[in-house]
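Please treat every number below as a calculation from the coordinates, not as lab data. Small disclaimer: the values here were computed from a predicted structure and weren't measured. Counting neighbours? That spans all protein chains shown, and the Cβs are built from the backbone with ideal geometry, glycine included.
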Amino acid sequence: MPNSTVPTARSDVVITTKFNKRWHSRDGVRQAFSASAQRLGTDYIDLLLVHWPNPDQDQYVEAVLGLNDLLEEGLIRGIGVSNFKPAHLQRLADAGVIPDLNQIQVDPRHIREASRQANNRLGIVTESWSPLGRDGGLLEDTAVTALAAKYGKTPGQIVLRWHVQQGLVPIPKASSREHLAENLAVFDFALEETEIADLSALDAGEAGILDSDSFGH
């Protein structure tokens, strides 16, 4: 891989990237892929995502059809979307293409039940961005800190375990090797179902969620 200090086989690395509304056309998607692949020094990308639907532009269906073209040619291994609502996904299904993954904002204060159910109905994996919350307050909530004390884990690990046990794929940031190791150390314990429910009860609905019908880039 470019600028890598560790010898790594390409097959050992999963590369995911996104493109914005500038590339929302079948030809544009191909250009976005080519630019990313060249920059990353690879001849294929494992997962390529439409970053926002931008429905006012009304080209996201064409963008996903463009991803399907790349998939059929073996240039990508999976089709991803990000911040797509159930209605956006239904339009894709009606056009005959269903993404493998939908990356949406999810955390115990924003459980996004309707969006997750829509993903599940279509067989789409839900990937959680900002899985630990966006303002840091979630990790200080007593519902989280009490469980951290009980299990001898950090608050962040408790929240990540909440995601994992529900079949979500959280993508937390990591600022160091130690932080990365902490994020990964969530498979040696399990929350009780009542504890999952207690964390989910922190849900504040759609408050604080960026509306992808009006926001995008």
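Please verify whether Gly80 is within 18 Å of the chain's Cα centre (by Cα), surrounded by 14 or more Cβ atoms within 10 Å (Cβ to Cβ) and not in a loop (DSSP other than H, G, I, E, B), treating the condition exactly as stated. Judged against the criteria, Gly80 is a match.
Of the set (1) in a loop (DSSP other than H, G, I, E, B); (2) among the basic types (Lys, Arg); (3) closer than 30 Å to Arg26 by Cβ, all apply to Arg116 but (1). Among the residues of the range 201-210, not a single one is assigned to a loop (DSSP other than H, G, I, E, B), more than 30 Å from Leu48 (Cβ to Cβ), without any contact (Cβ under 8 Å) to a residue 24 or more places away in the chain and among the charged types (D, E, K, R). Would you check which residues across the range 158-188 are under 18 Å from the mean Cα position of the chain (by Cα), surrounded by fewer than 20 Cβ atoms within 10 Å (Cβ to Cβ) and part of a helix (DSSP H, G or I) and list them? Selection gives Val164, Gln165, Leu180, Asn183, Leu184.
For the structure I just gave you, tell me whether Leu191 is in a helix (DSSP H, G or I), surrounded by 12 or more Cβ atoms within 10 Å (Cβ to Cβ) and of a type outside the set (Val, Ile, Thr). Walk me through how you get there before you give the answer.
Details: in a helix (DSSP H, G or I): no; surrounded by 12 or more Cβ atoms within 10 Å (Cβ to Cβ): yes; of a type outside the set (Val, Ile, Thr): yes.
When the stated conditions are applied, Leu191 does not pass them.
For Gln117, the test of being among the polar types (S, T, N, Q) and more than 19 Å from Trp52 (Cα to Cα) is passed. Across the range 41-56, the number of residues qualifying as surrounded by 14 or more Cβ atoms within 10 Å (Cβ to Cβ) and within 21 Å of His217 (Cβ to Cβ) comes to 10. Residues in the range 134-157: is at least one surrounded by 20 or more Cβ atoms within 10 Å (Cβ to Cβ), over 18 Å from Leu47 (Cβ atoms), in contact with a Lys or Arg (Cβ under 7 Å, 6 or more places away or on another chain) and not aliphatic (A, V, I, L, M)? No, every residue in the range 134-157 fails to be surrounded by 20 or more Cβ atoms within 10 Å (Cβ to Cβ), over 18 Å from Leu47 (Cβ atoms), in contact with a Lys or Arg (Cβ under 7 Å, 6 or more places away or on another chain) and not aliphatic (A, V, I, L, M).
Condition (residue is under 21 Å from Val169 (Cα atoms), part of a helix (DSSP H, G or I) and not small (Gly, Ala, Ser)) applied to the range 3-21: is it met by at least one residue? Outline the logic, then answer.
So in the range 3-21, the residues under 21 Å from Val169 (Cα atoms) come out as 11-19.
Now restrict to residues that are part of a helix (DSSP H, G or I): 11-12.
Subsequent filtering for residues that are not small (Gly, Ala, Ser) retains 12.
There is at least one residue in the range 3-21 that is under 21 Å from Val169 (Cα atoms), part of a helix (DSSP H, G or I) and not small (Gly, Ala, Ser).
Given the structure, is Pro131 under 24 Å from Asp213 (Cβ atoms), assigned to a loop (DSSP other than H, G, I, E, B) and out of contact with any helix residue (DSSP H, G or I) (no Cβ under 6 Å at 6 or more places or on another chain)? It is false that Pro131 is under 24 Å from Asp213 (Cβ atoms), assigned to a loop (DSSP other than H, G, I, E, B) and out of contact with any helix residue (DSSP H, G or I) (no Cβ under 6 Å at 6 or more places or on another chain).
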